[in-house]
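A.B. asks: Got a structure for you, written out below as structure tokens; questions coming shortly.
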Amino acid sequence: MRTLFSMLAVGALAVAGSLPKASLTGTYVEARTADVFTGSCYANAEVNLMGHEAVMGWKIDNGSFNGVSLDGLGVLGIVRAKATLGDVHNSGYPVKSVIVVDQKATAEQMKALVAFAQRMGGDLLSDVVNVVAKPINLDIAGGNIHARRVTLTAGELAKIETRPIVEGDQICRHEEVWYSPLTKVDHAMAAYALENKYTGDDLGSKWSSAEKRSAFVGTFHLND
């Protein structure tokens, strides 16, 4: 896979810097290892102790990047920071990342997927330690993203499964959306992560962070 990393990541960085024209729409899913919908007491208890890791996933409904059609393809950014992601008082950088491209993409599409993910992920995906190809699947229960029942998988490497946040999930009764999504979205809804895992070796850490109010589901578009 190091060959794939060299071929795709280096080429993608070159084209990403030129800010090519793009037009894409799709679904975004994110899960962290700290609650994003929470109260101050829980957030303060987790900050600097949890939330250093996250899985970010984009499933493209239609559109192109760098002149390459990406219809129906997916890409994930998996990150590990030095501190809690989104903490306004402490920088999470440096951040190491892995990019997972859709296994069914062509070599040209894989390059475009890496460049697209880095455009959307910004600095979080600037230090890429590896690029791997996996079968990426997104299942939206009933086809309705607003139901927040979403399952995103990248083979056995990573998985997010969500459901809506319900009244019983509100422990202190003054919870709110404490953190913003890690990327620009059109519309994002906090969700409950039934599962959030990464099993790879490239980031020096594996995690399985289940049963937390730590996810976002939503939609995105990119037009240049």
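A.B. asks: Considering segment 31-76 alone, what residues qualify as being farther than 30 Å from Ala112 by Cβ and among the small types (Gly, Ala, Ser)?
C.D. replies: Result: Ala34, Gly39, Ser40, Ala43, Ala45, Gly51.
A.B. asks: Among the residues in segment 213-223, are any open to solvent by less than 30 Å² (accessible area, probe 1.4 Å) and assigned to a loop (DSSP other than H, G, I, E, B)?
C.D. replies: No, because not a single residue in segment 213-223 is open to solvent by less than 30 Å² (accessible area, probe 1.4 Å) and assigned to a loop (DSSP other than H, G, I, E, B).
A.B. asks: Considering (1) charged (D, E, K, R); (2) assigned to a loop (DSSP other than H, G, I, E, B); (3) open to solvent by 40 Å² or more (accessible area, probe 1.4 Å), say which one Asp123 fails and leave the rest.
C.D. replies: Failing condition for Asp123: (2).
A.B. asks: I need the full set of residues from segment 97-120 which are in a strand (DSSP E or B) and surrounded by fewer than 24 Cβ atoms within 10 Å (Cβ to Cβ), in order please.
C.D. replies: Asp102
A.B. asks: Let me ask something additional. Please go through segment 65-83 and give me each residue that is in a strand (DSSP E or B), over 19 Å from Glu156 (Cβ atoms) and open to solvent by 40 Å² or more (accessible area, probe 1.4 Å), ordered by number.
C.D. replies: Across segment 65-83, the qualifying residue is only Ser69.
A.B. asks: Next up: Is segment 153-173 home to any residue that is in contact (Cβ under 8 Å) with a residue 24 or more places away in the chain, open to solvent by 40 Å² or more (accessible area, probe 1.4 Å) and in contact with a helix residue (DSSP H, G or I) (Cβ under 8 Å, 6 or more places away or on another chain)?
C.D. replies: The answer is yes, given that some residue of segment 153-173 is in contact (Cβ under 8 Å) with a residue 24 or more places away in the chain, open to solvent by 40 Å² or more (accessible area, probe 1.4 Å) and in contact with a helix residue (DSSP H, G or I) (Cβ under 8 Å, 6 or more places away or on another chain).
The values are calculated or read from the model by the stated rules, or taken from the named source; none is laboratory data. Bear in mind the structure is a predicted one, so any value in this text is a computation, not a measurement. With ideal geometry, Cβ positions are generated from the backbone for all residues, glycine too; neighbour counts draw on all protein chains shown. Ligands, DNA and RNA are stripped out before the accessible areas are found, and what is left, the full protein with its side chains, is counted by its heavy atoms. Shrake-Rupley method; radii C 1.70, N 1.55, O 1.52, S 1.80 Å.
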